[in-house]
Amino acid sequence: MNPTVTRAGDPLPGGPPYDVAVVGAGVVGTAIARELARHRLRTALVEASDDIGNGTSKANTAILHTGFDAVPGSLEARLVREGQRRLTAYAAGTGIPVERVGALLVAWDEEQLAALPALLAKAERNGYHAARLLDAQETAAREPHLGPGALGALEIPDEAVVCPWTPPLAFATQAVRAGVHLHLDCPVRHLAYDDGVHTLTTGRGPLRARLLINAAGLHADEIDRKLGHDTFTVTPRRGQLIVFDKLARDLVRHILLPVPTAAGKGVLVAPTVFGNVLLGPTAEELDDKTATGSTAEGLALLREKGRRILPRLLDEEVTAVYAGLRAATGHEDYRIRAVPEQRYIAVGGIRSTGLTASMAIAAHVTSLLPRAGLDPGEPAELPPLTMPSLGERDDRPYLRADLIARDPAYGTVVCHCERVTAGEIRDALHSTLPPATAGGLARRTRAGNGRCQGFHCGAAIRARVEEARP
C-alpha cells in the first residue's frame, strides 16, 4: 500500500466521505490515528502545519509520568497510569529512547516538608505504591550537587525521561502505512454537520467525514465552537525552558521536582535522553496562542530557581532556550466527551501529561466510537516498526563499525555536536514522513540541536532538505 500524505498544493482526495476525520496531528491526534488504523475504517488525519508533532507536542518537558500526583479518581489519573504502561512497552518495541531515572520531589522549607506525606498518600490513592519519603541526609546522598537547605524529598522511582519527538512520528508512520490519509498544511476554517456528514472547509478545499474527532490541542476550543459548543476555553500557558550542555549531565541523577502549587508543577531540573539537562518550565497564562518566544524575565526567573536547586548548573554552558504552550482549560481533568447527535468526539484539555497518556487516550477515544454512532469492528495488529536511535545511550550509527562497513554514509558525520551522520539524514529525508524543514529534520535526527545550534552544519543541512523536496 502506498502511503497517502498530501501537502500544500496537492489536491485533497475526492470520493465518498471518510469514516473518521481526526483534526490535529500532535502526539494525541497521531496516537488516535494509529489506534483507528487497527480497524477497517477509512480515516483522515488533518493537520494545519507542515509536519506532525509541530505544535505543543514539540516543546514539552519530555517526562514519562507515573501519574502519582494526578487528581485521584479523575480521567487524567486513569489515562496517565494506563498510558505510562502502554508507552513504556511501545517505546521498548520501537526503539524510542526512555531512561528510568526516577524523580525526587524536594522540600525546601518546613511547609513543603509537611506537605510530602499527603503527596505520598495521594500517590497511593492513585495506585502508585513505590514512592517513599527521604530525610535530608538521604536526599543529599542521592543528589550530591543539590543546593543547600533541602529538608527532605519524596522519591518516585518510576518517573522517566523520554524522547518527545519520536512518539508522534512513530504513531503517524504506523497509521499512514496502515492506510490512514495524512493531510498536512490543511487548516480547518469552517465546519458544518448535515445529514450525518461533517464538511470541513479547509485551507486546501472541502473534506467530508461521517465522524469527527477534535484533537486540535491549543485550538480544540475553537473547533468545538464551530460545532456550536461552548464547554471549555483553552488558555495557552507558556513554559520557557533552558537546555544546558552535555557537560552538565553528571550534575543531576534524577528529575528534581518542586512541591507543586495550584499554578502547576513548578520549575524542575531534569536530564534528557539526549544527554543534556533541562531547567524549566515557567507557567505564564497568555492570550496569544502563537507566543512561543522566550523572554528575559522568564529566563531570569528560571536562573533564580535553578540557582537554589542545583547551583553548579548555572556555571555550565547553555545550548538553547525554547518555549512551548500548554492547553490549559481551567479544569483539573481532561475534557473528553462524545456528542452522539453530531457524531463528534472532543478531546480537549490535554496538558503536560498528554505525551504519557497519549496511547491510553487513543484507546479511550476509540471506545467512545459506538456511543458516537460508529462501530469500528474488531482491531487487528499493526506491522512492527523500528525507529531511528536518537538517545545518547543508544547504539548510535556513528559507533557501529558493522553498519559503516555496509554503508559508509553512516560513518560520515554531518552534525559534529550531536554526531549525526549523512546516512541518518538521508534516511529521514526519504522516510514515510519526511521533514519539510531543517527543524523537522532536527526532530527526526538531532542534527543541528547541539551546542553550536547548527552554526557549523546548518547550511549543509538546509541544502539537503531543499534537495530532497519533490
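Any read-out appearing in this document is the output of simple, stated calculations on the displayed coordinates, not a laboratory observation. What you see is a predicted model, and the numbers here were worked out from it, not measured in a lab. Cβ atoms come from the backbone with ideal geometry, glycine included; neighbour counts cover every protein chain shown.
Things worth noting here:
- Annotation: the antiparallel percentage among DSSP beta bridges lying fully within the chain is about 70.
- Diffusion coefficient of the stretch 109-192 by Stokes-Einstein, Kirkwood radius over Cα pairs, 25 °C, 0.890 mPa s: 142 µm²/s.
- Proximal aspartates and glutamates relative to LYS289, as straight alpha-carbon distance under 20 Å, when same-chain residues fewer than 8 apart are discounted: GLU47, ASP50, ASP51, ASP185, ASP221, GLU222, ASP224, ASP230, GLU297
- Overall size of the chain from C-alpha positions, given as principal axis extents largest first: 67, 54, 41 Å.
- Mean Cβ count within 10 Å, highest first, over the residues of peptides 311-322, 13-24: 13-24, 311-322
- Kyte-Doolittle mean at least 0.5, axial Cα span of 18 Å or more - DSSP H helices of the chain: 354-367
- Packing-based ranking, highest mean first, of 351-364, 50-63 given that Cβ atoms within 10 Å are counted: 351-364, 50-63
- Overall size of the stretch 304-438 from C-alpha positions, given as principal axis extents largest first: 58, 48, 25 Å.
- A protection proxy built from the mean count of other Cβ atoms within 10 Å ranks the segments 141-148, 169-176, most packed first, as 169-176, 141-148.
- In the calculated pair-distance distribution of the stretch 197-341, the portion above 27 angstrom amounts to 39 percent of the Cα-Cα pairs.
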